[in-house]
Amino acid sequence: MSTPHKPILTRYQSADDKHGYVRDLFNRGAQHYDRIGKVGFFGTGHFYRKRALQKGGLKAGMKVIDVACGTGAVTRAILEIVKPDGSVLGVDPSEGMLGEAKKNIDAEFKIGRAEELPAANDQFDFLSMGYALRHVEDLVVAFEEYRRVLKPGGKLLVLEISRPKSRVGLIFTKLYFRDFVPFISRVATGSDDAREMMDYYWETIDACVPPDDILEALKKAGFKNVNRRVELGIFSEYRAEK
């Protein structure tokens, strides 16, 4: 099994428990997620997501699947690019997160996991995943599923936050993601669930396998033109083609 990280024993006791823990955590914190994104990341996320999607090859008229869409932050950016003739299907295992997405986004949403997408073969021009790769159970299985639902020539873009290589970068990243974001999330929402979500966010970043392992898993799943673009030493854009 090609897991994105070892079990985080302070949260759950085995890999089998991970899916249930993550789903419950995001169900509990769903109502606070968009507020955390705006307060913790100073409202810059939408601009970055839209630019990354365009650089990744997303164009007007495309049919897209947004995996682990959450409350729809990436979905919203996709719609701005592909409309009026394109479409997007948002997929997430959390009923709570999809409930929030449906409130404000005019798109199709379905319950589903990365390893078992609710879609037919060769259906989409583009597949996106935003900041959720650390939550899958098996990288290769998930990537094989991504390849299955893409049309021949279809493009993949996975956005993720990576543990920086430099000592200074790591110190800054820890201060921001480990300390500041969970703290401000609790202050802004008054929710212990929101703080737990952001504590876990950092823990999975810190424990995640190196980027080279993710690139290798994409190749093993059968993708071509596999590459990684990095901004500020931590924002990774994994791109590939079927």
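No value in this document is a laboratory result; all are computed from the given coordinates. Quick caveat: nothing in here was measured; it's all calculated off a predicted structure. Positions of Cβ are generated from backbone atoms using ideal geometry, with glycine treated the same way; all protein chains shown enter the neighbour counts.
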#### Entry: Shape of the stretch 100-154, Cα gyration tensor, a/c cut at 1.5
oblate
### Query
Each residue of the stretch 145-153 in order: what ³J(HN,Hα) in whole Hz does its phi give by Karplus 6.51 cos²θ - 1.76 cosθ + 1.60, θ = phi - 60°, with x for Gly and Pro?
5, 4, 5, 4, 7, 7, 6, x, x
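Is it possible to state the helix-based mean residue ellipticity at 222 nm for the chain, with each DSSP H run of 4+ residues giving -39500 (n - 2.57), the sum divided by total residues, to the nearest 500 deg cm²/dmol? What is it? Each step should come with its number before you reach the end.
Working: 9 runs with 110 residues, N = 242.
For the chain, the value works out to -14000 deg cm²/dmol.
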### Task
Quick one: compute a quarter of the convex hull surface over the Cα atoms of the stretch 1-138 and quote it in nm².
8.8
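Run the numbers for Lys110 and His19: contour at 0.36 nm per residue of separation, minus the present Cα-Cα distance, in nm.
Here the answer is 31.0 nm.
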## Note on the structure
Between Val88 and residues 5 or more places away or on another chain, the pairs with built amide H atoms under 5 Å apart involve Val64, Glu108
#### Entry: the chain - charge dipole about Cα centre, Lys and Arg +1 at Cβ, Asp and Glu -1, debye rounded to 20
860
## Note on the structure
With a 20 Å threshold on alpha-carbon distance, the violating pairs from Lys59/Lys155; Lys59/Lys103; Lys165/Lys224; Lys38/Lys102 are Lys59/Lys103; Lys165/Lys224
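Go ahead and run the numbers for FRET between Arg167 and Asp85, Cβ-Cβ distance against an R0 of 45 Å, rounding to 0.05. Mind showing how you got there, number by number?
Working: r = 48 Å, r/R0 = 1.08.
That gives a FRET efficiency of 0.40.
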